[in-house]
Structure formats: structure tokens, C-alpha cells
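Asks: Attaching a single structure in C-alpha cells format; questions to follow.
The values are calculated or read from the model by the stated rules, or taken from the named source; none is laboratory data. In this text, all values refer to a predicted model and were calculated from it rather than measured experimentally. Cβ atoms come from the backbone with ideal geometry, glycine included; neighbour counts cover every protein chain shown. Only protein heavy atoms, including side chains, enter the accessible area calculation; ligands, DNA and RNA are left aside. Shrake-Rupley method; radii C 1.70, N 1.55, O 1.52, S 1.80 Å.
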Amino acid sequence: MNAIEITGLSKQFTGKHMIKIDALKGLNLNIAAGEIFGFLGPNGAGKSTTIKLVMGLLRPTSGAAQIMGLDVSRPESRYNVGYLPENPAFYDYLSAEEYITFVGTQFKMDSTLLEQRTEDVLIRLDLWDARKRPMRGYSKGMIQRVGLAQALVHDPEVYILDEPMSGLDPIGRALVKDIILDLKARGKSVFFSTHITDDVEKVCDRVGVIVKGTLVAVDRVESILRSGVEGYVIHLQATEAESLPFAGIEALRRTESVSEYYVPCSGFNAFMGEVNRTGTNVVLVEMKRRDLEDFFLSLVK
Amino acid sequence: MFSIIQTTLKGVFRDRVFQGIMALAVFFLFIPSAASLSMRQVTELSITLSLSLISILLFILALFLGATTIWKDIERRYTFSVLSLPLSRTTYLVGKFFGIALFMLLTALFLGTVSILVIKFSSVLYPPSRPILWSTIIVSIFFDALKYIIIVAVAMLLATVSTSFFLPIFGAISTFLAGTITQQVYEYLQSQSAQKAVSDVVRNAAKLFYYILPNLSGFDLKVHAIYSIPLNSSGLLLTIIYFFVYTGILLAIGSILFERREMK
Ligand SMILES: Nc1ncnc2c1ncn2[C@@H]1O[C@H](COP(=O)(O)OP(=O)(O)O)[C@@H](O)[C@H]1O
Ligand SMILES: [Mg+2]
């Protein structure tokens with residue numbers, strides 16, 4: 001069974017002056033059990049709209065979605081989900097501990113287990129010292145961490161996180177990556193949105209890119225990275241006088257003893273053949289590739 | 001459901017505005033001295049003033065809590081985190097309502113206790129001409145609380161569709177005013193003189209309103225309490241049944257509307 005199944009999901013908003021906004025257009029997407037999926041898109045692409053539809057906060061204009069085989073129009077579908085809203089807000093008159101307990105109770109957790117899990121997640125997210133204080137006095141980063149804690153407390157199978165790294169300092173970001181990798185190791189499914197490619201590259205199995213409400217690409221992160229290799233920068237040991245073109249490729253830069261050549265993938269064999277024939281020493285070979293960021297930017301444009 | 005009720009109650013008790021409203025209860029302390037200025041019927045006046053003060057406080061609380069709780073949850077974006085939990089919108093709405101209704105009853109209990117002390121104090125200093133019927137006073141406060149719980153339900157129903165708190169607040173105030181006089185208007189329209197003076201269209205429209213709007217006159221037992229008039233128990237039972245049916249219908253409509261509402 002897939003963790004999340006989205007079929008033909010569309011959402012149209014009616015904005016000011018009755019203007020129709022197609023926030024999401026016919027999205028088809030399946031997230032397999034145990035998969036970490038990064039939902040990448042620029043601001044306003046429709047990421048949060050998709051997530052709110054899946055969480056039953058918005059009603060689709062057309063299409064449907066299921067979580068662990070249950071249609072999202074049913075509240076029971078959310079028993080299997082830990083959800084972190086975008087820029088979350090929680091009852092600010094409650095303390096983190098009270099709120100996490102409230103959430104666990106909604107998931108019908110047994111009270112001793114809930115107590116133990118509450119303690120675990122509060123410590124894990126570095127909220128232990130602040131746990132008794134009302135959340136009114138929390139910083140943005142702390143609220144974000146409460147959001148993660150309340151998504152983790154009932155140890156669900158599926159995690160839907162809307163920009164989990166936003167509002168966090170580098171330590172917090174590293175912690176979130178750690179948590180996601182940990183969930184992956186335990187066979188959980190994670191669907192998270194972000195506009196930062198680096199987040200995706202480090203933790204995801206697959207990535208989907210959404211632009212203006214349309215899913216424009218879905219692929220495994222490794223194959224994007226592999227297909228992104230464009231060429232090599234090769235440093236040869238050659239004085240300025242010796243640095244001739246090899247296989248028709250001119251040196252990019254020359255220093256006293258080393259010359260640098262840029263060689264596209266297709267010309268690599270011919271170039272190296274000539275280098276070997278002339279007996280020139282190779283100092284360094286660097287791979288030049290488009291990273292996820294370039295891939296992402298090329299799709300968005 | 002229970003944890004929603006509990007959370008709602010915590011929210012009310014920790015709210016500054018509520019604490020401010022409750023501070024108005026200090027006016028109780030002035031009732032005996034204010035009443036004594038009248039020189040005669042001091043105890044009757046104390047009862048009147050106490051019951052009126054309770055009504056005013058409960059009315060303000062009903063408007064404030066009924067109109068703002070849901071609106072605040074939406075406005076502050078708490079609904080994203082709460083409504084994405086595996087609970088239905090109906091559970092959320094009804095849980096909130098029970099939390100507030102419970103709070104109204106607790107407040108009525110507290111204010112009622114204070115007012116009984118105040119009335120007792122007045123009656124010792126200025127013995128009344130007729131014996132005080134304490135049970136009638138208590139019943140009258142209880143029915144007053146029920147009346148304002150209906151107003152809470154009206155405000156919450158309006159809040160399920162409204163994006164601001166203006167509609168719930170002013171809608172609830174209008175409903176309260178109309179609901180207080182609806183019985184009198186109805187009775188007038190049934191009278192001989194009205195049959196001639198009022199056209200059929202107006203009379204039918206007024207009748208329609210009579211059935212839609214809450215009929216709050218049955219909940220007003222102040223006169224009984226002040227002048228120690230015995231209560232009619234079958235009338236009270238009917239009023240209680242009316243209370244449950246009417247709030248039940250309001251909540252049912254509110255749930256249907258709120259289930260359809262989108263959290264944007
Ligand atoms: N409530 C709304 N009313 C009208 N338009 C909306 C509403 N919510 C989102 N949109 C529009 O839908 C598009 C997608 O928004 P969103 O899903 O929030 O983007 P993302 O999360 O990818 O940044 C945007 O163009 C946004 O302006
Ligand atoms: Mg977003």
C-alpha cells in the first residue's frame with residue numbers, strides 16, 4: 001500500500017474581484033511506504049495548497065487523495081499522520097507539554113505511553129527546559145520545534161511536513177535532517193515541502209518539482225545528480241609553452257606549471273587519448289555537474 | 001471531545017479579557033449600600049440588582065466567548081494544527097460549545113453564590129416584608145444561564161460561516177433583543193385589535209420569525225424571584241426541553257456549515 005496516493009487533485013481559489021486562481025492543476029502523485037519525498041517549488045507554486053488538501057483542511061475542486069488507503073475526507077485518515085503546518089501556531093496559553101499531551105490524547109494514546117513519548121520528543125527537540133512555560137513566550141524557532149514534536153509524538157507511519165526547516169537556525173536545520181533520516185531508517189514515509197534544494201539533496205529518495213500548480217518533474221535524487229554530470233575540469237602538468245590544445249580543446253587557464261582544460265563528457269575519451277600520446281601528466285580531474293539547484297532553476301524558468 | 005472541552009476551559013480561564021470581565025463582579029459589593037439608598041424594599045432591590053448584574057455579566061461573556069473563540073482559532077491559525085488532528089469538525093465545534101456552556105454554568109454558580117451572600121446580608125439589615133424564596137432565586141439564576149447559553153450557540157453558529165467577529169457579535173445581540181420580545185409580539189398579533197390593524201403578510205412574516213428566533217421570555221424568572229412568586233414546574237420543564245431542542249438544532253446547523261468550511 002502506498003503511504004499517500006493523489007489522483008487528479010485540483011484546487012481553484014476565488015480571489016479578489018472573483019478572479020479564479022488555479023493553485024493546483026491535476027496533480028497525480030504516489031508516495032511509497034518508507035519513502036522520503038521532497039516536494040520542491042518556488043513560493044506560491046501550490047505546495048501548501050496540496051498539503052492542506054491532503055490534510056482535509058481544504059476541499060478539492062476535483063480529484064481525490066488517500067493516506068494509507070483511507071480517503072482524506074474522513075477524519076480517521078489522519079490517525080496515521082504527523083502533520084507540521086507551514087508557519088505553525090498553537091494555543092499560546094498552553095505550555096509545550098500541555099499541548100503535546102493534548103495532541104497525543106486526540107490520537108487516543110495510552111496515558112503512560114503518552115507521558116513517556118512526550119518526554120522523549122520534548123528532549124529530542126530541545127524544549128525540555130521550556131516545557132512548562134506558556135507558548136506565548138516562545139520564539140519562532142521554538143514554535144517550529146513544538147510543531148515537529150507534536151507531529152512525532154504519536155509515532156505515526158506517515159509524516160507530512162510543510163517547510164519543516166523554515167524559521168530554524170543551522171543547528172535546528174541539522175536536527176530536522178537528522179530526524180528525517182532517522183524516520184527513514186525506521187521505515188517511515190515522509191512527504192515534505194521546501195523551496196531549498198539543499199534540503200532535498202541531503203535527505204530525499206525522490207523529489208517532485210512543482211511550478212505554478214503543475215508537477216513538472218518527478219525523479220530519484222540520485223538519477224538527477226548522475227544525469228547532471230556535464231563534463232570535467234582537467235589539470236595537466238604543462239608549462240605555458242607546452243600547453244597546446246588537445247583534441248581541439250584550448251586551455252582555460254594557465255599557471256607556470258599547470259594548465260586547466262574544460263572537457264565536456266562527449267569529448268573526454270578523445271582528449272585523454274591525446275594527452276596520453278604526448279605523455280603529459282594529469283594532476284587533477286574535477287567533475288562538473290549541474291546540481292539539484294541548477295536542475296530546479298532550469299525547470300522553474 | 002473531553003480534551004477539547006478541557007482545552008477550551010483552560011483558554012477561557014487564562015484569558016485576560018475574561019479576567020477583566022470577571023473583575024466587574026466587584027460591583028456586587030456595592031449592591032447592599034446602593035439598595036439601602038432607596039429606604040424601602042431594600043431586600044427586593046438587592047435581589048433585582050444582583051440578578052441584573054448576573055444577567056449583564058453572563059450576557060457579555062456569552063457574546064465575547066460565543067463570538068470570538070472560533071474566530072480567534074481561525075484568525076490565529078490554530079485551526080490548521082487542531083483541525084488536522086483526527087477529530088471531526090463537529091467534535092471540535094460541539095466540544096468548544098460544551099466548554100463554554102460549562103464555563104457559563106460555573107460562572108453562574110459562582111456569581112449566584114456571591115449574590116446569595118449579598119442578598120442575605122441585605123435581608124439581615126433590612127428584613128423584607130415577604131419571606132425570600134431562595135430556591136426561586138437559584139432556579140431563576142440557572143434559567144438565566146440557560147438563556148445566555150442559547151446566545152452562545154447563536155453566536156457560534158454565526159461564527160462558523162463568518163470571517164470576522166462582527167456578524168457573530170451583532171447577530172447575537174439582535175437575536176437576543178428580538179428573542180426577548182418575540183413572545184409579546186406574537187401575543188399582540190393574536191389579539192383582536194391586531195387582527196384589524198396588521199396586514200396578513202406582516203403577520204405571517206412575524207409568525208415565521210417567532211418560530212425561527214429563540215423564545216427567551218420563558219427563561220426570565222426574575223419577577224418570580226424578586227416578589228417570591230411560586231414557580232410553575234411543568235412550565236419550567238417545557239422551557240428546559242425547549243432549551244435542549246433549540247440549542248441542538250443550532251449546533252446541528254453549525255456543524256453542517258463548519259464541516260463545509262475551508263481552512264485557507
Ligand atoms: N486562500 C487563498 N485564496 C486565494 N488564493 C490563494 C489562497 N491560498 C493560496 N492561494 C494562491 O495559490 C497559489 C499557491 O499557494 P501555496 O500553495 O500557498 O504556495 P506554496 O506553499 O507553494 O508557496 C498562490 O498563487 C497563492 O496566491
Ligand atoms: Mg507554502
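Asks: Could you work out the relative contact order of chain A? I mean the mean sequence separation of Cα pairs under 8 Å and 6+ apart, divided by the number of residues, in percent.
Replies: Relative contact order, chain A: 19 percent.
Asks: Are there any residues in the range B:218-264 with a reduction of at least 20 Å² in accessible surface when going from the isolated chain to the assembly of protein chains? Probe 1.4 Å, please list them by number.
Replies: B:Arg260, B:Glu262, B:Met263, B:Lys264
Asks: Would you kindly derive the ³J(HN,Hα) couplings of the range A:72-81 from the backbone phi angles with the Karplus curve 6.51 cos²θ - 1.76 cosθ + 1.60 (θ = phi - 60°), listing them in order in whole Hz, with x for Gly and Pro?
Replies: Listing the rounded values in order: 6, 6, 9, x, 4, 4, 8, 4, 8, 10 Hz.
Asks: Next question, about the same structure. Mind checking which lysines have their Cα closer than 30 Å to the Cα of B:Lys196? Skip sequence neighbours fewer than 8 apart in that chain.
Replies: In chain and number order, the partners are B:Lys207.
Asks: Using Cα centres only, tell me the gap between the range A:134-176 and the range A:178-245 in whole Å.
Replies: The distance from the Cα centre of the range A:134-176 to that of the range A:178-245 comes to 25 Å.
Asks: Another question about this same structure. Averaged per residue, what accessible surface does the protein assembly as shown expose to a 1.4 Å probe, in Å²?
Replies: Values: 26580 Å² over 565 residues.
Normalised by residue count, the accessible surface of the protein assembly as shown is 47 Å².
Asks: Run the accessible area of the range A:1-96 with a 1.4 Å probe and give the carbon-and-sulfur part as a rounded percent.
Replies: After summing per-atom areas, the C and S share lands at 51 percent.
Asks: Relative to the first principal axis of the alpha-carbon coordinates of chain B, what is the inclination of helix B:2-13, with its axis defined by its Cα atoms, in degrees from 0 to 90 and to the nearest 10?
Replies: Computed tilt is about 60 degrees.
Asks: Let me ask something else about it. Using a Förster radius of 25 Å, what is the FRET efficiency between B:Tyr227 and B:Ser36 based on their Cβ-Cβ separation? Nearest 0.05, please.
Replies: Once rounded, the FRET efficiency stands at 0.80.
Asks: A further question follows. Separation of the range A:46-73 and the range B:24-43 by C-alpha centroid, Å?
Replies: Between the Cα centre of the range A:46-73 and that of the range B:24-43, the gap is 60 Å.
Asks: Moving on. Just checking the output field for A:44-55: average partner chain Cβ neighbours within 10 Å of each residue's Cβ?
Replies: That average works out to 1.
Asks: How crowded by other chains is A:84-91, given as the mean number of beta carbons from other chains within 10 Å of each beta carbon?
Replies: 5
Asks: Additional query: Taking a cut-off of 20 Å between Cα atoms, list the lysines near B:Lys264, but don't count ones fewer than 8 places away on the same chain.
Replies: A:Lys11, A:Lys16, A:Lys20, A:Lys25, A:Lys47, A:Lys52, A:Lys212, B:Lys72
Asks: Can you list residues whose amide H is under 5 Å from A:Ile4's amide H, if they're 5+ apart or on another chain and H is modeled 1.01 Å from N?
Replies: Correct list: A:Ile31, A:Met68.
Asks: What is the gain in length, in nm to one decimal, between B:Ser193 and B:Ser164 on full extension, counting 0.36 nm per residue of separation less the C-alpha to C-alpha distance? Don't skip to the end; give the middle numbers.
Replies: Numbers: separation 29, 0.36 × 29 = 10.44 nm, distance 4.31 nm.
My answer for the length gained is 6.1 nm.
Asks: Also: Given a Förster distance of 60 angstrom, what is the FRET efficiency for B:Glu262 paired with B:Ser129, based on the Cβ-Cβ distance and rounded to 0.05?
Replies: Taking R0 as 60 Å, the efficiency between B:Glu262 and B:Ser129 is 0.45.
Asks: What does the helix-only formula give at 222 nm for chain A: each DSSP H stretch with n ≥ 4 adding -39500 (n - 2.57), the total divided by the residues, and the result rounded to the nearest 500 deg cm²/dmol?
Replies: Taking each H run of at least 4 residues, the total per residue is -9500 deg cm²/dmol.
Asks: With the solvent-accessible surface defined on protein heavy atoms using a 1.4 Å probe, which residues belonging to the range A:130-154 display a reduction of at least 30 Å² in accessible area in the multichain context relative to the isolated chain?
Replies: Checking the loss per residue gives A:Arg136.
Asks: Right, next: Once you put a point 7 Å from the Cα of B:Arg16 and another 7 Å from the Cα of B:Ser3, both along the Cβ direction, what distance in nm separates them?
Replies: Spacing of the two 7 Å Cα→Cβ label points: 2.9 nm.
Asks: Within the range A:88-114, whose backbone N sits under 14 Å from a point 7 Å along Cα→Cβ of A:Trp128?
Replies: Backbone N within reach: none found.
Asks: Please list, in order along the range B:43-57, the HN-Hα scalar couplings obtained from phi with the Karplus expression 6.51 cos²θ - 1.76 cosθ + 1.60 (θ = phi - 60°), rounded to whole Hz, x for Gly and Pro.
Replies: After applying 6.51 cos²θ - 1.76 cosθ + 1.60, I find 5, 4, 5, 4, 4, 4, 5, 4, 5, 5, 5, 4, 4, 4, 4 Hz.
Asks: Let me ask something else about it. Assuming 0.890 mPa s and 25 °C, estimate D for chain B with Stokes-Einstein, Rh taken as the Kirkwood radius over Cα pairs, in µm²/s.
Replies: 123 µm²/s
Asks: May I pose another question? With chain A treated as a Gaussian network of Cα nodes joined by springs under 10 Å, which of A:Gln150, A:Gln66, A:Gln12 yields the largest mean-square fluctuation?
Replies: Comparing A:Gln150, A:Gln66, A:Gln12 in the GNM, the peak value goes to A:Gln12.
Asks: Follow-up question, since we're still on this one. How many square angstrom of accessible surface are buried between B and A, both sides summed, with a 1.4 Å probe and rounding to 100? Walk me through the intermediate numbers first.
Replies: Numbers: alone 13960 and 15280 Å², together 26580 Å².
Its buried surface, counting both partners, is about 2700 Å².
Asks: Once both labels are modelled 7 Å past Cα along the beta-carbon direction, what's the B:Ala205-A:Ala270 spacing in nm?
Replies: Using points 7 Å along Cα→Cβ, the separation is 9.1 nm.
Asks: For the protein assembly as shown, what does the alpha-carbon gyration tensor say about shape, rounded, prolate or oblate, given a ≥ b ≥ c as the root eigenvalues, a/c under 1.5 as rounded, and a/b over b/c as prolate?
Replies: It is prolate, given that a/c is not under 1.5 and a/b is the larger ratio.
Asks: In addition: May I ask for the distance between the Cα centers of the range A:249-301 and the range B:109-157, given as a whole number of Å?
Replies: 90 Å
Asks: What average number of partner chain Cβ atoms lie no more than 10 Å from the Cβ of the residues making up B:72-81?
Replies: Going residue by residue through B:72-81 and averaging, the value is 5.
Asks: Carbon and sulfur atoms: what percent of the 1.4 Å accessible area of the range A:230-289 do they account for?
Replies: Details: 1880 of 3800 Å².
Carbon-and-sulfur percentage of accessible area, whole number: 49.
Asks: May I have the convex hull volume per residue, in Å³, for the Cα set of chain A?
Replies: Values: hull volume 56.3 nm³, N = 301.
Dividing the Cα hull volume of chain A by its residues yields 187 Å³.
Asks: Of the candidates A:Thr49, A:Thr239, A:Thr197, which one comes out as most mobile in a Gaussian network treatment of chain A with C-alpha springs shorter than 10 Å?
Replies: Ranking A:Thr49, A:Thr239, A:Thr197 by mean-square fluctuation puts A:Thr239 first.
Asks: Just give the residues from the range A:92-107 buried by at least 50 square angstrom of accessible area in the all-chains context relative to the isolated chain, probe 1.4 Å, and say none if nothing qualifies.
Replies: Buried by the other chains: A:Tyr93, A:Phe102, A:Gln106.
Asks: A further question follows. First compute the accessible area of chain B with a 1.4 Å probe, then give the percent of it belonging to carbon and sulfur atoms.
Replies: Numbers: 9050 of 12590 Å².
The value for chain B is 72 percent carbon and sulfur by accessible area.
Asks: Hey, another quick one. Near B:Lys120, which lysines are there with a Cα under 25 Å away, not counting those fewer than 8 places off in the same chain?
Replies: Result set, ordered by chain and number: B:Lys222.
Asks: Here's another thing I want to ask about it. If one puts a single equal scatterer on every Cα of the range A:24-172 and applies the Debye formula without solvent, what log₁₀ I(q)/I(0) results at q = 0.09, 0.14, 0.21 Å⁻¹?
Replies: For the range A:24-172 at q = 0.09, 0.14, 0.21 Å⁻¹, log10 I(q)/I(0) is -0.30, -0.72, -1.40.
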